[in-house]
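First comes the structure, then the notes that go with it.
The values are calculated or read from the model by the stated rules, or taken from the named source; none is laboratory data. Source: prediction; values computed, not measured. Virtual Cβ from ideal backbone geometry, glycine too; neighbours counted across all protein chains shown. The area values use the complete protein model at the heavy-atom level, side chains included, leaving out ligands, DNA and RNA. Shrake-Rupley method; radii C 1.70, N 1.55, O 1.52, S 1.80 Å.
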Amino acid sequence: MQQTVVEHIEPVAQDVVALTLRARDGHLAPWEPGAHIDLELPNWLTRPYSLCGDPADRDTYRVAVRHDPLSRGGSEYVHRFLRTGRPLAVSAPRNHFPLVPAPAHLFLAGGIGITPLLPMLRAARAAGRPATLLYTGRSARTMPFVDELRRAHGDRVRVVETERQGRPDLTALAAALDPDTHVHCCGPAPMLAAADAAFPADRLHTERFQPTERAFGPGTAFEAHCARSGDTVAVPAGTSLLDALADAGHPLPSGCREGVCGSCEVTVLDGEPEHRDDIGAARGRMYTCVSRALTPRLVLDL
Ligand code: FES
């Protein structure tokens, strides 16, 4: 973990604050557009947030947090209790949503989904590539960074307030799209589904905040052997590997517990995982909050 202090808390839209976190010693770990970090909140919750500042700034991280009325305690804590000057431990950045180099870019943001796309738009334009942003939200007052985006990127940014203008027609947008253009999209599930339906899969890159709805079997019991400690942990049907490991004294970070953030990742040394995440686990890795085992035993690098 990296130690930071909350330097600044700034309202950037209705129910959204931006946090500036300054390194307490030395520099922060480098990152690329699309990356996120886990905040270790003082109420013992870990929550993932996309980095939306400047990757060239190695002294601060910037994230934005929307107050979720269904909060399980993360955004509620940030909005009600977090204060400037508070020390905050954060993870190293992870990136499951990199900016895929392309001759031209279209960025599609829905609401708080703007956060990973902010540094992407900046990077694409700094590299001299044609890049535009279509940013949708209920109304401008609920959409973070609208003024900042307009100031920095002028008519490269199109803001659609769905309350007044309805949802943009992504199918028409796709039909008019130059074949070299790659689309990066981050927003609520209906927007991602519309983008999936409209754009060719090989040119569409998405990041989810919520898991896709899929049905899995009940999940049978299996055993997880921790190669470094020598412990063998029974994982009953109906208990996640993450919880079974925590109960056995091997707690892992867990930002989302839904297979979308990546904070609970482990290395699998033997056995075959049954992947249930929305990230797309690399070979030899798995996400313990949702994924299980196809073999009776997994050997983990723990
Ligand atoms: S806790 Fe987020 S992927 Fe497991």
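Side notes on the structure shown:
- Computed label-point distance, nm, for sites Ala234 and Asp301 using a 7 Å Cα→Cβ extension: 2.9
- Computed Kirkwood radius, in angstrom, where 1/r is averaged over Cα pairs of the chain: 20.5
- log₁₀ of I(q)/I(0) at q = 0.19 Å⁻¹ - the range 190-302, Debye sum with one point per alpha carbon: -0.94
- Charge sum, other residues only, whose C-beta stays under 15 Å from Ile9's C-beta, Lys/Arg counted +1 and Asp/Glu -1: +2
- Eigenvalues of the alpha-carbon gyration tensor of the range 43-154, scaled by 5 and square-rooted, set the equivalent ellipsoid semi-axes at 27, 17, 13 angstrom, largest first.
- Sites Arg58 and Arg214 - FRET efficiency at Förster radius 25 Å, r taken between beta-carbons, to 0.05: 0.05
- Shape analysis of the range 95-163 yields a ratio of the Cα radius of gyration to the Kirkwood radius, Rg/Rh, of 0.95.
- Electrostatic bookkeeping for Glu76 treats Lys and Arg as +1 and Asp and Glu as -1; over the other residues with beta carbon under 14 Å from its beta carbon, the sum is +2.
- Rounded FRET efficiency, nearest 0.05, which uses the C-beta distance separating Gln3 from Asp169 and R0 of 41 Å: 0.30
- P(r) for the range 261-300, from all Cα pairs and a bin width of 5 Å, is 6, 28, 41, 19, 6, 0 %, short bins first.
- Taken one residue at a time, the phi angles of the range 220-237 give Karplus couplings (6.51, -1.76, 1.60, θ = phi - 60°) of 8, 5, 8, 10, 10, 9, 8, 5, 7, 8, x, 6, 10, 10, 7, 10, x, 4 Hz. Gly and Pro are set to x.
- The range 155-224-the range 31-90 distance, computed between alpha-carbon centres (Å): 24
- Cβ-derived FRET efficiency at R0 45 Å, Ala127 paired with Glu272, nearest 0.05: 0.65
- Per residue convex hull volume, Cα atoms of the range 104-207, in Å³: 94
- Centre-to-centre separation between the Cα atoms of the range 246-282 and those of the range 1-24: 27 Å.
- Paramagnetic reach from Glu32 (point 7 Å along Cα→Cβ, amide N under 15 Å) across the range 189-207: 205-206
- For the range 157-241, fraction of C-alpha pairs farther apart than 15 Å, in %: 72
- In the full protein context, the chain carries 47 Å² of accessible surface per residue, based on a 1.4 Å probe and ignoring ligands, DNA and RNA.
- All distinct Cα pairs of the range 2-90 go into the 1/r average, and the inverse of that average, the Kirkwood radius, is 13.1 Å.
- 3J(HN,Hα) from dihedral phi, the range 246-261, Karplus parametrisation 6.51/-1.76/1.60, rounded to Hz, x for glycine, proline: 4, 4, 8, x, 10, x, 10, x, 8, x, 10, 6, 10, x, 10, 9
- Accessible surface of Tyr61 - all protein chains present, 1.4 Å probe, nearest 10 Å²: 0
- Fraction of accessible area attributable to carbon and sulfur, the range 222-300 (%, probe 1.4 Å): 46
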